[in-house]
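Quick notes on the structure that follows.
The values are calculated or read from the model by the stated rules, or taken from the named source; none is laboratory data. Treat the numbers as computed from the prediction; the structure is a model and nothing was measured. Note that each Cβ is placed from the backbone with ideal geometry, even for glycine, and that neighbours are counted across all protein chains shown. Accessible surface is based on the protein model in full, side chains and every heavy atom, while ligands, DNA and RNA are left aside. Shrake-Rupley method; radii C 1.70, N 1.55, O 1.52, S 1.80 Å.
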Amino acid sequence: MKPSRLLVAYALAAAISTPLSADTPCDATMMQGSIAQVTETHATVHTSVLVDATPAEVWAILTDFDDMAMWSSGTLQGMTGDIKNGGSVTITFIFGTTEDGEPNIMTIPHTLIYDEGSVIGWSDPFPEDVGGGHDNHLYRVEACGDRTLFVQSDEIVGNPYAANFVARLLPMYQMFNAELKAEAERQS
């Protein structure tokens, strides 16, 4: 028996939103990225970056969806809708370029996982034409001394292309993280 989508979302949010322990070092080693293939149809990508800005400053930039396209050159470009836990939103992404070399802009509906000031994400099904399954994507902001640890992670479950997806997502997430870091540090 499969767990419900809501249970998966809450379990994912709880697991990924576990805060740093008091003895976790806040240094350059926090800038990382990794992928793991759990099974043939289940893979994860985890990225993080240490930002020289407060969590409130990073959160404000991350959730300023009207201005996001000004500093984000790829992946997440903005969000509209009911920005709250369980809210229905439409998210604008850029995934590479079209055959004409133009940005491949996609708008995708999602149901939010949202905890003000710390976590935003979604756990929604993939369309059957790209293999089905679920995309469990989270952004997390947390204090790391007088700086902020920004974590972006994704879990592709029940999709035959899961390993391929996370391999393609890793560099896009690392770019987004670097751009968010640059914007937060510029503004702080």
Fill in: Cβ pairs under 9 Å, 6+ apart, first in region 167-188 and modelled with pLDDT under 95, second in a helix (DSSP H, G or I)
Ser188/Glu57; Ser188/Val58
Practice prompt. Looking only at region 103-117, decide whether some residue is over 19 Å from Ser48 (Cβ atoms), over 16 Å from the mean Cα position of the chain (by Cα) and assigned to a loop (DSSP other than H, G, I, E, B).
Written response: no
Worksheet item: Any residue in region 136-153 that is touching a Cys at 6+ places or on another chain (Cβ under 6 Å), open to solvent by less than 60 Å² (accessible area, probe 1.4 Å) and in a strand (DSSP E or B)?
Response: yes
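Given the structure, is Ile113 at negative phi, out of contact with any Pro (no Cβ under 7 Å at 6 or more places or on another chain) and open to solvent by less than 50 Å² (accessible area, probe 1.4 Å)?
Details: at negative phi: yes; out of contact with any Pro (no Cβ under 7 Å at 6 or more places or on another chain): yes; open to solvent by less than 50 Å² (accessible area, probe 1.4 Å): yes.
Considered against the rule, which asks whether it is at negative phi, out of contact with any Pro (no Cβ under 7 Å at 6 or more places or on another chain) and open to solvent by less than 50 Å² (accessible area, probe 1.4 Å), Ile113 comes out as yes.
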Item to complete: Give region 54-75 a look and list any residue that's of a type outside the set (A, V, I, L, M, F, W, C) and open to solvent by less than 10 Å² (accessible area, probe 1.4 Å), or say none.
Response: Ser72, Thr75
Practice prompt. Among the residues of region 116-135, write down those that are open to solvent by 20 Å² or more (accessible area, probe 1.4 Å) and among the aliphatic types (A, V, I, L, M).
Written response: Val130
Worksheet item: Filtering region 44-77 down to residues that are of a type outside the set (Val, Ile, Thr) and in contact with a Phe, Trp or Tyr (Cβ under 7 Å, 6 or more places away or on another chain), which residue is nearest to Asp135 (Cα to Cα)?
Response: Leu76
Worksheet item: If we keep just the residues of region 154-185 that are open to solvent by 30 Å² or more (accessible area, probe 1.4 Å) and either touching a Leu at 6+ places or on another chain (Cβ under 7 Å) or not in a helix (DSSP H, G or I) (or both), which is nearest to Asp67 (Cα to Cα)?
Response: Glu155
Practice prompt. Restricting attention to region 123-152, report how many residues are touching a His at 6+ places or on another chain (Cβ under 7 Å) and either hydroxyl-bearing (Ser, Thr, Tyr) or free of Cβ contacts under 8 Å to residues at least 24 places away in the same chain (or both).
Written response: 1
Worksheet entry | Pair list, Cβ under 7 Å, 6 or more apart: region 92-105 residue closer than 18 Å to Ala167 by Cα, other residue open to solvent by 90 Å² or more (accessible area, probe 1.4 Å) | Ile94/Ile105
